[in-house]
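Taking it in order: structure first as structure tokens, then the write-up.
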Amino acid sequence: MERAASKQDPCAASPFPEGFLWGGATAANQCEGAWDEAGKGLTVADCTTYKPNVDVKDYQALHGITSAQIAEAEASRDTHRYPKRHGIDFYHRYKEDIALFAEMGFKCLRVSIQWARLFPTGMEDEPLQAGIDYYRDLFETMRAAGIEPLVTLHHYEMPLYLANHTQGWYQRQVIGLFVRFAKVCFREFGPYVKYWLTFNEIDSAFRHPWTTVGICPDRFEASELEAVIYQCVHNQLVASALATKHLHRMVPGAQMGCMLTRTLTYPLNCDPKNMLLAQRDNRENYWYGDVQAFGRYPRWLLNEWAEKGIHIDFGEADEEILATYPVDFVSFSYYQSMVDSTDAVEREKVCGNLATGVKNPYLATSDWGWQIDPDGLTYALIDMCDRYRKPLFIVENGLGAYDKVEEDGSIHDPYRIEYFRQHIKAIAAAIRAGVDVMGYTPWGCIDLVSMSTCQMSKRYGFVYVDLDDEGQGTYERRRKDSFWWYQRVIATNGADLG
């Protein structure tokens, strides 16, 4: 039913549709903690170290890992060097946190299920009941608060045992192990969860293969690594299609989405060679979603594999599986745009944990050097709408910044409010242009451990967590100014951006 416009209706001027899923996003490995509780196994995320002094432009230092470092992490019980092991203690405090999200008015909360909390090594015949009980209560609590769960099945949380003993996603047997995990999730949590995602930022496999596909580069010859990673991604794509198949059969009415990093690239100028470079970059970013949305590989990629002599092992039914079970909607993260140029090596660079690119002279940057580009979100939404003709869901977007707690305990974060104000305006512009947007879940709606450097000082949340980079603090939750601002945005369905 359409909302009737009236002077009394504060939402009447909003371009956002009724039922728009306002909310926030988290990942279990960055917030849950309880890394070894109730039988949970180690994951690839539990090997990620705190990196206080790494140059954000040093991508290898941010995301690289060696077999020796993995063995050291596996033998260690340290939670200071490996901060994701303590997270923000969401595992024990989720009821308190969900109450805060409900107070803000969340319609949706994105969470993930740690595979190793159900299957500690990934190889067990039966899941741990303690893991099932935890997630079931989490989803029941969300439902009771009026919050729709949006659940990611694989958010950089592969069981460490599989990364060490099946060469990550390289061996096809992992497809079956993942599908078994997914079916348990659908069986146990299907009554509570309508919206699902398979793989978080599946396109990140080449950027950080350890966290995305469980591949440690030093375990392969350098000359074969590209083909190995492509094989891992193919296996994930097949697993995604099979998970979609089983979701539709086991949970009627539920929807499955893919999840991409939208690394929108501009040419530095209108030099045709720079235009072609940007087109190539965007094409390489899109193909992962193309396979999941259209059910087939793009011809240009197949040609490239042939030219490079890359052989990908397709199972007998893989092409049919991909074609038969595409996703229902396309979700993505958007943090920044990039610039490419034929003389990129000679130009000033900027960096995020997404990639490194040429500095855009028209854009400001965050405390961590990420370019801030709200208009790029409008561009990306329209472009993806025209390409996929499916509903779109912005499931990550946000500003990592330093926050200061005042003497009275308040946290004033006008920079965060302004960031979200401009990006929500950008979403509204895309909706007015005809884009079907399902919802918006800003990343790290509560402060959590950062993905790459494992810092707490890089804060995204509307809710402050009293925890510092050294793991010291009370874990107390505090509302920032942005908490109250976002509460008003949701209450007015995006009409009042204050």
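Just one residue in the set ALA116, ALA130 is in contact with a Lys or Arg (Cβ under 6 Å, 6 or more places away or on another chain) and either more than 24 Å from GLU396 (Cα to Cα) or not hydroxyl-bearing (Ser, Thr, Tyr) (or both); that residue is ALA116. Residue under question is MET438, and the condition is that it be buried (at least 18 other Cβ atoms within 10 Å of the Cβ), touching a Pro at 6+ places or on another chain (Cβ under 7 Å) and within 27 Å of PHE329 (Cα to Cα); does it hold? Yes, satisfied.
Has segment 228-241 got any residue that is surrounded by fewer than 17 Cβ atoms within 10 Å (Cβ to Cβ) and under 20 Å from ARG296 (Cα atoms)? No, the conditions are met nowhere in segment 228-241. ASP313 passes every criterion in (1) at pLDDT below 95; (2) of a type outside the set (A, V, I, L, M); (3) in a loop (DSSP other than H, G, I, E, B) apart from (1). Taking segment 200-218 as the search range and keeping residues that are more than 13 Å from LEU160 (Cβ to Cβ), assigned to a loop (DSSP other than H, G, I, E, B) and touching a strand residue (DSSP E or B) at 6+ places or on another chain (Cβ under 9 Å), which one is modelled with the lowest pLDDT? Selected residue: ARG207.
For beta carbons closer than 6 Å, sequence separation of 6+ or different chains, a first residue in segment 10-34 that is surrounded by fewer than 24 Cβ atoms within 10 Å (Cβ to Cβ) and among the polar types (S, T, N, Q) and a second that is modelled with pLDDT of 95 or more and in a loop (DSSP other than H, G, I, E, B), the qualifying pairs are SER14/ASN493; SER14/GLY494; SER14/ALA495. Within segment 319-358, the set of residues being under 20 Å from the mean Cα position of the chain (by Cα) and among the hydrophobic types (A, V, I, L, M, F, W, C) comprises VAL327, PHE329, VAL330, PHE332, MET338, CYS351, LEU354, ALA355.
When VAL345, VAL435 are screened for being aliphatic (A, V, I, L, M) and either part of a helix (DSSP H, G or I) or touching a Gly at 6+ places or on another chain (Cβ under 9 Å) (or both), only VAL345 passes.
Suppose we filter segment 314-331 for residues that are in contact (Cβ under 8 Å) with a residue 40 or more places away in the chain, within 30 Å of LEU21 (Cβ to Cβ) and of a type in the set (Gly, Ala, Ser); how many remain?
Within segment 314-331, the first condition is being in contact (Cβ under 8 Å) with a residue 40 or more places away in the chain, and the residues that meet it are 314-315, 318, 321-322, 324-331.
In the following step, the residues that additionally are within 30 Å of LEU21 (Cβ to Cβ) were identified as 321-322, 324-331.
Narrowing further to those that are of a type in the set (Gly, Ala, Ser): 331.
Residues flagged as in contact (Cβ under 8 Å) with a residue 40 or more places away in the chain, within 30 Å of LEU21 (Cβ to Cβ) and of a type in the set (Gly, Ala, Ser) within segment 314-331 amount to 1.
The set of residues in segment 354-382 that are outside any loop (DSSP other than H, G, I, E, B) and either in contact with a Gly (Cβ under 6 Å, 6 or more places away or on another chain) or free of Cβ contacts under 8 Å to residues at least 12 places away in the same chain (or both) contains only ALA364.
Could you check segment 35-49 and list, in sequence order, the residues that are buried (at least 21 other Cβ atoms within 10 Å of the Cβ) and not polar (S, T, N, Q)? Selection gives TRP35, LYS40, GLY41, LEU42, VAL44, ALA45, ASP46, CYS47.
For beta carbons closer than 8 Å, sequence separation of 6+ or different chains, a first residue in segment 336-347 that is over 11 Å from LYS359 (Cα atoms) and a second that is not in a loop (DSSP other than H, G, I, E, B), the qualifying pairs are GLN336/GLN371; GLN336/ILE372; GLN336/GLY376; THR342/LYS273; THR342/ASN274; THR342/LEU277.
Residue-by-condition table, conditions (1) more than 30 Å from GLY295 (Cα to Cα); (2) at pLDDT below 95; (3) surrounded by fewer than 18 Cβ atoms within 10 Å (Cβ to Cβ):
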site: ASN353; (1), (2), (3): no, yes, no
site: PRO361; (1), (2), (3): yes, yes, yes
site: GLY369; (1), (2), (3): yes, yes, yes
site: GLY376; (1), (2), (3): no, no, no
site: LEU392; (1), (2), (3): no, no, no
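Would you mention how many residues in segment 293-304 are in a helix (DSSP H, G or I) and closer than 28 Å to LEU197 by Cα? Outline the logic, then answer.
Of the residues in segment 293-304, the ones in a helix (DSSP H, G or I) are 293-294, 299-304.
Among the residues that remain, those that are also closer than 28 Å to LEU197 by Cα are: 293-294, 299-302.
The total comes to 6.
Please work out which residue is surrounded by the most Cβ atoms within 10 Å (Cβ to Cβ), limiting yourself to segment 248-285 and to residues that are hydrophobic (A, V, I, L, M, F, W, C) and free of Cβ contacts under 8 Å to residues at least 60 places away in the same chain. Let's see the steps before the verdict.
Our first condition is that a residue be hydrophobic (A, V, I, L, M, F, W, C); within segment 248-285, this holds for 250-251, 254, 256, 258-260, 264, 268, 270, 275-278.
From what's left, free of Cβ contacts under 8 Å to residues at least 60 places away in the same chain: 270, 275-276.
Numbers: CYS270: 7, MET275: 15, LEU276: 13.
Among those that are hydrophobic (A, V, I, L, M, F, W, C) and free of Cβ contacts under 8 Å to residues at least 60 places away in the same chain, it is MET275.
In the set ILE411, ILE424, ILE490, ILE417, only one residue is under 21 Å from the mean Cα position of the chain (by Cα) and surrounded by fewer than 24 Cβ atoms within 10 Å (Cβ to Cβ); that residue is ILE424. List pairs: first in segment 401-420 and closer than 18 Å to CYS445 by Cβ and touching a residue at least 12 places away in the same chain (Cβ under 8 Å), second in a strand (DSSP E or B) and of a type outside the set (A, V, I, L, M, F, W, C), Cβ under 6 Å, 6+ apart or cross-chain? Every condition considered, the pairs that remain are ASP403/ARG459; ILE411/TYR464.
The values are calculated or read from the model by the stated rules, or taken from the named source; none is laboratory data. Since we're looking at a predicted model, the values are computed, not measured. Using ideal geometry, Cβ is built from the backbone for each residue, glycine included, and neighbour counts are taken over all protein chains shown.
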